[in-house]
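The values are calculated or read from the model by the stated rules, or taken from the named source; none is laboratory data. Keep in mind it's a predicted model, so treat the numbers as computed, not measured. Please note: Cβ atoms are built from the backbone with ideal geometry, for glycine as well, and neighbour counts cover all protein chains shown.
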Amino acid sequence: MKRTALSTLSLALLGTACAAQAQNTVTLYGVIDNSIQYVHNANQANDHLWQLAGGNLQGPRWGMKGKEDLGGGLKAIFQLESGFDPNSGRMNQGGRLFGRQAYVGLAHDQFGTVTLGRQYDPVVDMVQGLTADGYWGSTFTTPGDVDNNDNSSRTNNAVKYVSPVFSGVQLEGMYALGGVAGSIGAGQTWSGAAAYGFGPFNAAAGYIRMDNGNTAAGRGVSATNPTASWGSGATSDGTFDSQINGAYASAKSISIASAAGQYVTGSFTFNIRYSFAQYKPDGLSAFTQEEKYQVVGGCVGYQVTPAMLLGLGYTYTHGSGDTSASYNQVSLGGDYSLSKRIDVYLVGAYQHANGTQRVNAATTQVAGASVGSYGNNAGSASQAIVSVGMRQKF
């Protein structure tokens with residue numbers, strides 16, 4: 001009898017432990033994406049460049065995410081995600097420990113999810129995944145990432161709500177508190193987006209406004225500070241990845257409206273997108289007239305076999321207002337899966353620019369090309385990039 005009682009008690013405790021483990025989970029995950037890369041016209045002297053470059057399809061990262069079932073359909077959730085350079089081991093996103101994401105929140109099956117912390121904005125969450133950048137990454141994105149299509153910006157101090165899906169529709173909203181004493185709204189970010197899915201068709205649209213909350217001392221332009229920057233007073237990171245929009249880093253605010261659609265039929269996936277970005281100045285900016293960028297892009301993907309995917313993309317970007325320039329970029333890609341977690345790829349892009357770009361408060365120049373969001377600033381109107389790489393997920 002004693003042995004039977006102990007066995008019963010042991011089984012009961014084991015069952016309780018298994019149930020607790022099933023309700024409370026923590027997952028460690030990551031991505032390492034690295035390549036050998038060639039850049040034609042890599043700098044102002046139009047030198048060519050061979051290098052190792054990470055993050056072509058996805059930014060290298062490691063992270064932890066977890067959830068705890070609180071009952072009644074309610075869960076506590078968290079995510080911590082750190083970006084890194086696989087070729088140096090350094091942390092990305094300005095050296096932040098968890099620069100990609102760091103948030104905690106509550107999720108309910110019926111009422112949606114609320115999260116607090118450093119997060120992606122709703123436009124990235126809902127629109128970006130329907131564009132070529134959603135799979136092909138930096139080589140297929142907007143020149144200079146002027147519209148944040150390649151997720152250059154993340155937002156601190158953010159409160160975000162994501163609704164459940166109702167009849168194919170999902171809504172998302174976010175507000176980030178500027179945190180400047182005596183100046184409510186300084187440095188704030190707010191954003192909203194909506195998505196709709198029905199069978200093979202998905203569409204989404206959204207808007208984000210990011211304010212630069214720096215003071216005159218931090219953002220003012222002078223002889224010793226001719227290229228004042230988007231600074232620590234803003235809740236959202238800057239999107240100044242190249243010479244295309246680098247001169248507007250002293251903007252008072254950045255506003256971006258984006259829309260995208262995706263249609264899947266058989267082995268083909270079609271993506272189309274449009275965005276409109278405005279960089280607005282004030283008396284502390286290094287430019288006096290707002291710069292506007294309109295971006296139109298399209299991509300077609302062809303699943304040759306279950307393991308092999310091909311992609312062709314085109315992006316047209318036009319800047320107007322303070323200066324006027326156009327950028328035509330064609331991108332090609334091939335990806336082959338060796339397993340569920342490992343793939344190899346070949347991606348490349350060619351860009352041609354024309355018009356003028358601003359260099360600083362007093363100078364403009366003939367527009368130079370800069371493919372995607374890599375930040376290689378050509379001294380001429382053309383640039384090409386080719387990357388051969390491997391990606392491993394864990």
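Please work out if V123 is hydrophobic (A, V, I, L, M, F, W, C), touching a strand residue (DSSP E or B) at 6+ places or on another chain (Cβ under 8 Å) and assigned to a helix (DSSP H, G or I).
So V123 fits the description; yes.
Any residue at all in segment 57-66 that's over 12 Å from the mean Cα position of the chain (by Cα) and either modelled with pLDDT under 95 or of a type in the set (S, T, Y) (or both)?
No - not one qualifying residue is present in segment 57-66.
How many residues does segment 152-209 hold that are outside any strand (DSSP E or B) and surrounded by 14 or more Cβ atoms within 10 Å (Cβ to Cβ)?
Residues in segment 152-209 being outside any strand (DSSP E or B) and surrounded by 14 or more Cβ atoms within 10 Å (Cβ to Cβ): 12 in total.
Taking into account only those residues within segment 137-151 that are touching a strand residue (DSSP E or B) at 6+ places or on another chain (Cβ under 9 Å) and assigned to a loop (DSSP other than H, G, I, E, B), which is farthest from I256 (Cα to Cα)?
Taking the candidates together, the pick is T141.
What are the residues in segment 341-394 that are in a strand (DSSP E or B) and of a type in the set (V, I, T), if any?
The answer is I342, V344, V347, T356, T364, V366, I385, V386, V388.
Can we say S267 is of a type in the set (G, A, S) and surrounded by 18 or more Cβ atoms within 10 Å (Cβ to Cβ)? If you could, list the steps in order and put the result at the bottom.
On the way: of a type in the set (G, A, S): yes; surrounded by 18 or more Cβ atoms within 10 Å (Cβ to Cβ): no.
No: the conditions fail for S267.
Going residue by residue through segment 32-54, is there one that turns out to be touching a helix residue (DSSP H, G or I) at 6+ places or on another chain (Cβ under 7 Å), modelled with pLDDT of 95 or more, crowded, with 17+ Cβ neighbours inside 10 Å and not in a strand (DSSP E or B)? Write out each step before concluding.
Restricting attention to segment 32-54, the residues satisfying the condition of being touching a helix residue (DSSP H, G or I) at 6+ places or on another chain (Cβ under 7 Å) are none.
Looking through segment 32-54, none of the residues is touching a helix residue (DSSP H, G or I) at 6+ places or on another chain (Cβ under 7 Å), modelled with pLDDT of 95 or more, crowded, with 17+ Cβ neighbours inside 10 Å and not in a strand (DSSP E or B).
The conditions are (1) under 26 Å from F166 (Cβ atoms); (2) in contact with a Leu (Cβ under 7 Å, 6 or more places away or on another chain), and Q79 fails exactly one of them. Which is it?
(2)
Looking at this structure, is F84 farther than 25 Å from S387 by Cα and modelled with pLDDT of 95 or more?
Working: farther than 25 Å from S387 by Cα: no; modelled with pLDDT of 95 or more: yes.
No; evaluated as a whole, the condition is false for this residue.
Working carefully through the options V169, V146, find the one that is at pLDDT 95 or above and either hydroxyl-bearing (S, T, Y) or within 16 Å of the chain's Cα centre (by Cα) (or both).
The unique qualifying residue is V146.
Inspect segment 321-331 for any residue being in a loop (DSSP other than H, G, I, E, B) and surrounded by fewer than 18 Cβ atoms within 10 Å (Cβ to Cβ) and give the result as yes or no.
Yes: segment 321-331 contains one or more residues that are in a loop (DSSP other than H, G, I, E, B) and surrounded by fewer than 18 Cβ atoms within 10 Å (Cβ to Cβ).
Could we say that G105 is small (G, A, S) and in a strand (DSSP E or B) here?
On the way: small (G, A, S): yes; in a strand (DSSP E or B): yes.
So G105 fits the description; yes.
Examine segment 336-358 for a residue that is within 19 Å of D241 (Cα to Cα), surrounded by 16 or more Cβ atoms within 10 Å (Cβ to Cβ) and β-branched (V, I, T), and state whether such a residue exists.
No: segment 336-358 contains no residue that is within 19 Å of D241 (Cα to Cα), surrounded by 16 or more Cβ atoms within 10 Å (Cβ to Cβ) and β-branched (V, I, T).
Checking G83 against (1) in contact with a Pro (Cβ under 7 Å, 6 or more places away or on another chain); (2) not in a strand (DSSP E or B), only one condition comes out false. Which one?
It fails just one condition, (2).
Evaluate the following for Q294: is it assigned to a strand (DSSP E or B) and free of Cβ contacts under 8 Å to residues at least 40 places away in the same chain?
yes
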